1. Would you point out the residue of region 26-37, among those that are part of a helix (DSSP H, G or I) and over 37 Å from the mean Cα position of the chain (by Cα), that is surrounded by the most Cβ atoms within 10 Å (Cβ to Cβ)?
2. Looking only at region 133-156, which residues are more than 26 Å from Glu84 (Cβ to Cβ) and of a type in the set (D, E, K, R)?
3. Please go through region 267-302 and give me each residue that is surrounded by fewer than 18 Cβ atoms within 10 Å (Cβ to Cβ) and in contact with a Cys (Cβ under 7 Å, 6 or more places away or on another chain), ordered by number.
4. Phe208: open to solvent by 10 Å² or more (accessible area, probe 1.4 Å) and either in contact with a strand residue (DSSP E or B) (Cβ under 6 Å, 6 or more places away or on another chain) or farther than 17 Å from Arg336 by Cα (or both), yes or no?
5. Counting only residues that are open to solvent by less than 40 Å² (accessible area, probe 1.4 Å) and among the polar types (S, T, N, Q), which one in region 80-137 is farthest from Cys287 (Cα to Cα)?
6. Report whether or not Phe69 is open to solvent by less than 40 Å² (accessible area, probe 1.4 Å), within 18 Å of Glu138 (Cα to Cα) and at pLDDT 95 or above.
7. When the residues of region 189-229 are filtered to those that are of a type outside the set (Lys, Arg) and touching a Phe, Trp or Tyr at 6+ places or on another chain (Cβ under 7 Å), which remaining residue is farthest from Met281 (Cα to Cα)?
8. Pick from region 237-261 the residues that are assigned to a helix (DSSP H, G or I) and open to solvent by less than 30 Å² (accessible area, probe 1.4 Å): which of them is nearest to Thr192 (Cα to Cα)?
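The values are calculated or read from the model by the stated rules, or taken from the named source; none is laboratory data. If you're wondering where the values come from, they're calculated on a predicted model, not measured in any experiment. As a convention, Cβ positions derive from the backbone with ideal geometry for all residues, glycine included, and neighbour counts pool all protein chains shown. In case anyone asks, the SASA skips ligands and DNA or RNA and just uses the protein heavy atoms, side chains included. Shrake-Rupley method; radii C 1.70, N 1.55, O 1.52, S 1.80 Å.
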Amino acid sequence: MLTLKEVRIADVAKRAGVSAGTVSNALNGRPGVSAQQADRIRLIAREMGYPLPEDREDSRKNCIRLLIFKSHGLVVMDTQFFAELFEGIQEGCKEAGMELVVTNIHKGREENYLERIAAVKEERCAGILLLGTEMEREDLKLFTPCNSPLVVMDNLFFEEDVHSIVMNNFEAGRMAAEHLVMAGHKRMGCITGSAVLNNMSERQKGFFAALKAHGITMEEDDCYAVTPTMEGARRDLLHQTRGKTLPTAFFAANDIIAMGAMMAFREKGIRVPEDVSIIGMDDLDLCLVTSPQLTTIHVHRKEMGRSAVRMLLHSASPARKGCYLKSQLSVALRERGSVKHMEQKE
């Protein structure tokens, strides 16, 4: 017989001669499985040592699971942004007297990621905090229905039936555009990531909307999509801007991309901010060691983590089923030296 740690939902499905989805439905009392079939599957699961939902409920009622989901891993990395977000989650769990369990799932590298998601969906705990930075709509669907309360972090999923919390990305883009317009810039561009991310798309929307409000139209050629790493942004921009006359200012989708852009500009002999101004997003500590220091949009990372825990415990309860909370944290401009005011003399 398989030991408890070795037993997976796929093992139960194989023994019972049914699909993993049928096992999940049977164990959790969902429709689509006859009572006789469900009793048989539950008996097999118990014999094999697979924990039934009611067996796990007491042991997990004081547990919050943080599920770090990676689609490609180009953005969700060991950076200050995610370190402080996770620190805020830890602080929130400690304040609430909750145990924090961390699970990593990498869609791009794990063949059994669907099986691992299925196991998470089945457990009954105080709640699941799902890092959705790299998630698209189809990825989110893999987590529903879920037995435990669920809150998605760092991706709003405005049109989906899920609780979510994120920084106000639209406002961040609007704020960046307003600052550049007030500094006297007329031709502006943006640098975003080549990987599809809802957060970056919202920042662009806010940026474009603010420019339009001021009667400024951004040329399509002035929007660059780069690999969302520092070296990737540097390399891609060196190639993509070859032989081009650049705008006087850029809004970069995050600080990492902005720093890669500054490296590329330096290699091309383009001065920041004398020739090209740039604004980043996130307000990482690295912004203070660039030359010049990077103007950026500040994000309350720790507060997002603490707020996500509070939302999970107080707003995402089953009693509120059908009512979903979408929370956006405010952002703030941090003006430093990477933006030139056009009336300034060089």
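1. As a first pass, look at region 26-37 and keep what is part of a helix (DSSP H, G or I): 26-27, 35-37.
Filter once more, so that each one left must be over 37 Å from the mean Cα position of the chain (by Cα): 35-37.
Values: Ala35: 8, Gln36: 8, Gln37: 15.
Out of the qualifying residues, it is Gln37.
2. Step one: of region 133-156, the residues more than 26 Å from Glu84 (Cβ to Cβ) are 137-138, 141-142, 144-147.
The answer is Arg137, Glu138, Lys141.
3. Within region 267-302, Gln293 is the sole residue that qualifies.
4. Working: open to solvent by 10 Å² or more (accessible area, probe 1.4 Å): yes; either in contact with a strand residue (DSSP E or B) (Cβ under 6 Å, 6 or more places away or on another chain) or farther than 17 Å from Arg336 by Cα (or both): yes.
So Phe208 passes the test.
5. Looking at the filtered set, the residue picked out is Thr103.
6. Details: open to solvent by less than 40 Å² (accessible area, probe 1.4 Å): yes; within 18 Å of Glu138 (Cα to Cα): yes; at pLDDT 95 or above: yes.
Answer is yes for this residue.
7. Filtering region 189-229 down to residues of a type outside the set (Lys, Arg) leaves 189-202, 204, 206-211, 213-229.
Checking the rest, the ones that are also touching a Phe, Trp or Tyr at 6+ places or on another chain (Cβ under 7 Å) come to 189-191, 202, 206-207, 218.
Numbers: Gly189: 15, Cys190: 12, Ile191: 11, Glu202: 13, Gly206: 13, Phe207: 12, Met218: 20 Å.
Only one residue fits best here, namely Met218.
8. So in region 237-261, the residues assigned to a helix (DSSP H, G or I) come out as 237-240, 255-261.
If we keep only those that are open to solvent by less than 30 Å² (accessible area, probe 1.4 Å) too, we end up with 237, 255, 257-261.
On the way: Leu237: 11, Asp255: 11, Ile257: 8, Ala258: 9, Met259: 13, Gly260: 12, Ala261: 11 Å.
So the residue we want is Ile257.
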